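Notes for the one structure printed next.
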Amino acid sequence: MDSNNTTASDHTATISYSLDFARFNEHLVDVTLNFTATTDCPELWLPAWIPGSYLMREFARNITAVHYEIVAAEPASAYRAQKIDKHSWQLPKAMTGQAIKVQYEVYCYDLSVRTAYVDQQRLYGNFTSLALAVTGQEHSPVQVSLLVPATFLADKSEDDVKLACGLKASHLQLDHHHGYGLQADDYYQLIDHPFEIALQQSFDFIIQDDEHQTLPHSFYLSGRHNANMGRLQHDVTQICQTYLNWLGDAPF
């Protein structure tokens, strides 16, 4: 399609999120969401569930007031999003075709594998707790910037601070931050991939399915430990290969 003919109704525009961890000592993450509205009064929502868990959750309770602005509008104005239920917000001033910037903070102090946790030791999160979805644009490509402040790295060896995440990742060159970029095909792929930035040790291993296709894996161990990494790599490889042999095929 000729890009000059692209309309606001196209769902190929990228949704972008920026997660700033500057307030990690307060267990807060400042999130900025940028998107182009494809409807009047667009709505945002946060899941009340997480892949692999079948209970209703209250992830949205950790999000403070959601504010938004219409990019390039004159005069520039910030508006408060209208909460329409426990997990959803509406942007009543936003109209079709406008570029929208949304900002909110998330309290992250739950070590459960289902939510998010940030402090001076680790920056961990599931996007089901951190990333508001844009209704009707869930299948748009997603880009995420993870902004790690220099203060988080101050007492750590930068070479040992790693990002663990199954999404396609890259380093970002930023002033006063150590940044990572993540890419997802859509919102549903995004929320299926948690991340952690911390002092970690890791190893890679490969298993094969019935058709001899190789399936690369990465294993990360975070925090203090006395593990024998060589033995662990050997055992985990055997466990995963045995399970795959039993399944016959991998669901990924």
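Derivation of every value follows stated rules applied to the coordinates shown; laboratory data play no part. All values reported here derive from a predicted model rather than from experimental measurement. Note: ideal-geometry Cβ built from the backbone for every residue, glycine included; neighbour counts use all protein chains shown.
Structural remarks
- Among Phe127, Phe205, the ranking by other beta carbons within 10 Å of each residue's beta carbon, starting with the fewest, stands as Phe205, Phe127.
- 0 to 90° range, to nearest 10: angle between helix 229-247 axis and the chain longest Cα axis: 80
- Straight-line cross-link partners of Lys168 among the lysines, defined as a Cα under 26 Å from its Cα and at least 8 positions apart when in the same chain: Lys101, Lys156.
- Other residues lying with their Cβ under 13 Å from the Cβ of Ser145 contribute a combined charge of -2, Lys and Arg counting +1, Asp and Glu -1.
- A Förster distance of 22 Å, applied to the separation of the beta-carbon atoms of Glu211 and Thr14, puts the FRET efficiency at 0.05.
- Couplings 3J(HN,Hα) of region 20-33, computed from phi: 9, 9, 4, 9, 4, 5, 9, 6, 10, 10, 9, 10, 10, 10 Hz, in residue order, whole Hz [Karplus 6.51 cos²θ - 1.76 cosθ + 1.60, θ = phi - 60°; x for Gly and Pro].
- Farthest towards the positive end of the charge dipole of region 182-242, among the residues His217, His234, Phe195, is the Cα of His234, using unit charges on the Cβ of Lys, Arg, Asp and Glu.
- Computed over the chain: relative contact order in percent, which uses C-alpha pairs under 8 Å that are six or more apart: 19
- Evaluated at q = 0.17, 0.18, 0.33 Å⁻¹, the base-10 log of the normalised Debye intensity for region 201-247, with identical point scatterers placed on the Cα atoms, takes the values -0.52, -0.57, -1.26.
- Given +1 at the Cβ of Lys and Arg, -1 at the Cβ of Asp and Glu and no other charges, the dipole of the chain around its Cα centre is 700 debye to the nearest 20.
- Annotation: amide H of Ala22 within the under-5 Å range of Asp30, sequence separation 5 or more or interchain, hydrogens built in the peptide plane.
- Partners for Lys86 among aspartates and glutamates (Cα-Cα distance below 18 Å; same-chain residues under 8 apart left out): Glu43, Glu58, Glu105
- Each residue in Val142, Val148 was given a count of other beta-carbon atoms within 10 angstrom of its own, and listing them fewest first yields Val148, Val142.
- Compactness of region 19-109 - radius of gyration and Dmax, Cα, Å: 14.3, 46
- Magnitude of the charge dipole for region 14-98, about its Cα centre and with charges confined to Cβ atoms of Lys, Arg (+1) and Asp, Glu (-1), is about 260 debye.
- Put in line by how crowded their Cβ is, counting other Cβ atoms within 10 Å and starting with the fewest, Glu43, Glu158, Glu74 read Glu74, Glu158, Glu43.
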